[in-house]
1. Please specify each residue of the range 334-360 satisfying the condition of being assigned to a strand (DSSP E or B) and touching a helix residue (DSSP H, G or I) at 6+ places or on another chain (Cβ under 8 Å).
2. Taking the options 421, 397, name whichever one is in contact (Cβ under 8 Å) with a residue 12 or more places away in the chain, surrounded by fewer than 18 Cβ atoms within 10 Å (Cβ to Cβ) and closer than 26 Å to residue 177 by Cβ.
3. Which of the numbered conditions does residue 212 fail, given that it passes all the others? Conditions: (1) under 30 Å from residue 292 (Cβ atoms); (2) surrounded by 22 or more Cβ atoms within 10 Å (Cβ to Cβ).
4. Would you call residue 341 away from ligand 2 (no atom under 16 Å from the Cβ) and either closer than 21 Å to residue 129 by Cα or modelled with pLDDT under 95 (or both)?
5. What pairs come out if I take residues in the range 366-383 that are under 15 Å from residue 409 (Cβ atoms) and pair them with residues that are assigned to a loop (DSSP other than H, G, I, E, B) whose C-beta lies under 8 Å away, six or more apart or interchain?
6. Does residue 82 count as in contact (Cβ under 8 Å) with a residue 12 or more places away in the chain, surrounded by fewer than 23 Cβ atoms within 10 Å (Cβ to Cβ), over 16 Å from the mean Cα position of the chain (by Cα) and away from ligand 2 (no atom under 16 Å from the Cβ)?
7. For residue 238, state whether it is touching a strand residue (DSSP E or B) at 6+ places or on another chain (Cβ under 8 Å), surrounded by 15 or more Cβ atoms within 10 Å (Cβ to Cβ) and part of a strand (DSSP E or B).
8. Mind checking which residues of the range 85-101 are touching a residue at least 40 places away in the same chain (Cβ under 8 Å) and surrounded by fewer than 24 Cβ atoms within 10 Å (Cβ to Cβ)?
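The values are calculated or read from the model by the stated rules, or taken from the named source; none is laboratory data. The structure displayed is predicted, hence computed values, not measured ones. Reconstructed Cβ throughout: ideal geometry from the backbone, glycine too, with neighbour counts over all protein chains shown.
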Ligand code: MLT
Ligand code: ZN
């Protein structure tokens, strides 16, 4: 059972009574009823790719894992309504492919797409590489099926774009990481499948204003921008080391942005549009140079490089991840302040900074030096420098977790940075959905903590 009891980053190993693999929603409901009767905690698990220990049981040995992996059916693709209905255990890549076979796009794309599952994407409200155009998972959610903590099934697999009939229950599950119930099915919104793309590697000038560049690119492309990924030279070098055939692209002195326009229309000249936009950015002095992919293989190579960064970090000895986001207007300020915090904490530390700059989301990662113990180093950074970086993000109106969730590892950060009223509301929701506290106990929020007297 080791693959189920250890988290994706191998930071924590719990124990479990059993791993249960239901094949139907009714079986999930039966399991939940039995667990409720016995007072046993339930940890729902999809692809086990959480970065925050959201799908890992504790060490009590009193929890069961409910793996959704056998519930992996594509229930229906509806090209006219532009929606897809799936089991929660469907692998993201398979859902993307089913949509593409019907000429449509499931606009959710992330590094783990070959193994993560839709239920987990909903549970963590996954973000990824095209949020700047299409939003997070919750923005794609049209309908839901979920089993509540007493075995009641919420069956709302509707495809409606508009449905103002009271509380939006499906949205309670987005970002809930299995603490309110087990998602067993979902209806997701699809978009027209892009048939044309223009992908460019922008070598940024030193101090280039990312937010202004983004605004220019969005405005002048009529918002055809689907990706705006920032990478520093160090992150690119790490990715290059992890690739067998790396492309020979380099970063500018201010780093790089991988920008992509996509369109389903044959009537839009995307390359010309990209060239015109880039000419303006060069004119403004924001980019030193740019390279427009001339073929699908060049485009793929740029993407492989971007997606190889986490693997490059892992091969070196891993990183202490800081999945921060700030309002776009403060992204430059965060970069400046954080750099000086790192320098004064320990000038020898090495960083790998990259991320979804189009969403104000940076992976501000501190590399674990090759010759030190990863766990020890992580503990030391997380109890010192990490808090300084999160303080800075918070002071700028940002957050300590933009897209990776809270799980078990970031609960203390939610308590430190979360608004008191918001946490109180979360506890009340938790109590209402899960009065016995059996749904993913220990994740996100401690339900029984006393609320402050008013
Ligand atoms: C990414 O954007 O590549 C991931 O969210 C960050 C990571 O895998 O560390
Ligand atoms: Zn990311």
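1. Matches in the range 334-360: 351, 352, 353, 354, 356.
2. 397
3. With respect to (1) under 30 Å from residue 292 (Cβ atoms); (2) surrounded by 22 or more Cβ atoms within 10 Å (Cβ to Cβ), residue 212 is out only on (2).
4. No; evaluated as a whole, the condition is false for this residue.
5. Sorted first by the residue in the range 366-383, then by its partner, the pairs are 374/317; 374/318; 374/368; 375/11; 378/11; 378/318; 378/368.
6. yes
7. When the stated conditions are applied, residue 238 does not pass them.
8. Hits for the range 85-101 are 85, 91, 100.
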